[in-house]
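Engineer: Take a look at this one; I'll ask things after.
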Amino acid sequence: MIINVLTLFPEMYKVFDSSIIGKALEKQLFTLNITNIRDYSLDKHKRTDDYPYGGGVGMIMTPQPAHSAINAVDPEHKALRIYLSPKGKKLDQTKVVELSKYENILLFNGGYEGIDQRIIDLDIDEEISIGDYILTSGDYASLVLIDSIVRFVPGVLGKLDSTEDESFSNGLLEYAQYTRPEEFCGLKVPDVLLSGHHENIRKWREENSFQITKKNRPDLLKK
Ligand code: 4FD
């Protein structure tokens with residue numbers, strides 16, 4: 001898998017160096033290319049944004065650097081080109097699994113306030129949001145998206161690629177987990193988990209998943 005990121009803040013992607021994703025990069029399990037959109041600005045001051053037509057607050061990324069950068073990085077349009085914005089279709093785990101099957105992904109991040117609509121119309125395949133809130137930069141959304149996708153690249157997670165038996169894979173939230181000691185600050189691990197009775201453990205976990213989903217995410221039970 002090759003992930004190309006277009007950004008005005010290339011240094012933000014250094015966080016990956018100190019994480020599971022950094023280990024995966026060292027092992028060359030996938031490729032992460034970071035491109036500074038500003039390098040493609042033909043403006044004499046290397047500007048990448050301008051005032052919005054029709055007025056209003058904020059600045060909008062101009063089409064020239066965006067269009068030049070996207071088509072320099074992906075000249076044959078081999079990548080799925082994604083623009084991160086609060087207006088996009090909301091990301092969920094089903095979408096993450098779908099994206100993890102692409103060989104080539106391009107993530108476009110358009111500064112603080114958005115980009116000229118013609119870039120989306122000309123050059124972008126999908127507009128994605130990671131949730132209903134606003135960030136200072138789409139790069140935070142990109143970091144989240146990359147992490148969620150790369151978990152599915154074979155070899156990135158340890159031994160048991162534990163992408164199956166967790167929250168969302170069965171439409172419910174994950175059951176409570178316990179490890180040693182058997183008692184901590186007066187709180188005991190549920191007896192059934194120490195019993196070795198696999199069918200009872202399975203039933204306990206199923207019921208626990210259901211209860212936590214009902215409490216925290218009743219919307220998931222309707223689906
Ligand atoms: N919820 C998200 C993505 C980007 C972002 C931006 C228009 C602001 C939240 C386009 C306005 C981009 C998200 C940058 N905030 N901020 O995925």
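The values are calculated or read from the model by the stated rules, or taken from the named source; none is laboratory data. Bear in mind the structure is a predicted one, so any value in this text is a computation, not a measurement. When we count neighbours, we look across all protein chains shown, and the Cβ atoms used for this are built from the backbone with ideal geometry, even at glycine.
Engineer: Does S85 satisfy the criteria of being under 17 Å from F9 (Cα atoms) and within 16 Å of the ligand (Cβ to nearest atom)?
Structural biologist: Yes: the conditions hold for S85.
Engineer: Hey, another quick one. For a quick check of your reading of the model, give me the residue pairs whose first member lies in the stretch 116-141 and is in the same structural domain as M59 (by TED's automatic domain parsing), whose second is more than 7 Å from the ligand (Cβ to nearest atom) and assigned to a loop (DSSP other than H, G, I, E, B), with beta-carbon atoms closer than 6 Å and at least 6 apart or on different chains.
Structural biologist: I128/L91; I130/L91; G138/N109; D139/F9; D139/N109
Engineer: Confirm whether I128 is surrounded by fewer than 13 Cβ atoms within 10 Å (Cβ to Cβ), within 30 Å of N36 (Cα to Cα) and aliphatic (A, V, I, L, M).
Structural biologist: Answer is no for this residue.
Engineer: Can you spot a residue in the stretch 57-71 that is within 26 Å of V153 (Cβ to Cβ) and out of contact with any Pro (no Cβ under 8 Å at 6 or more places or on another chain)?
Structural biologist: Yes - at least one qualifying residue is present in the stretch 57-71.
Engineer: Additional query: Residues that are among the acidic types (D, E) and either in contact (Cβ under 8 Å) with a residue 24 or more places away in the chain or not assigned by TED's automatic domain parsing to the domain that holds L135 (or both): does the stretch 19-34 have at least one? Spell out the reasoning first.
Structural biologist: So the first thing to find is which residues in the stretch 19-34 are among the acidic types (D, E), and the list is 26.
Pick out the ones that are also either in contact (Cβ under 8 Å) with a residue 24 or more places away in the chain or not assigned by TED's automatic domain parsing to the domain that holds L135 (or both) and you get none.
No, the stretch 19-34 has no match at all.
Engineer: Pairs please, first residue from the stretch 69-98 and more than 17 Å from G110 (Cα to Cα), second anywhere and of a type in the set (S, T, N, Q) and within 16 Å of the ligand (Cβ to nearest atom), Cβ atoms under 6 Å, 6+ apart in sequence or on different chains.
Structural biologist: Close Cβ pairs (under 6 Å, with a partner that is of a type in the set (S, T, N, Q) and within 16 Å of the ligand (Cβ to nearest atom)) amount to K90/S129; V96/S148.
Engineer: Sticking with this one: What tally of residues in the stretch 98-130 results from selecting those that are in a helix (DSSP H, G or I) and either within 12 Å of the ligand (Cβ to nearest atom) or touching a helix residue (DSSP H, G or I) at 6+ places or on another chain (Cβ under 9 Å) (or both)?
Structural biologist: The number of residues fulfilling the criteria is 7.
Engineer: Pick from the stretch 131-143 the residues that are out of contact with any Lys or Arg (no Cβ under 8 Å at 6 or more places or on another chain) and near the ligand (Cβ under 8 Å from one of its atoms): which of them is farthest from Q64 (Cα to Cα)?
Structural biologist: Y133
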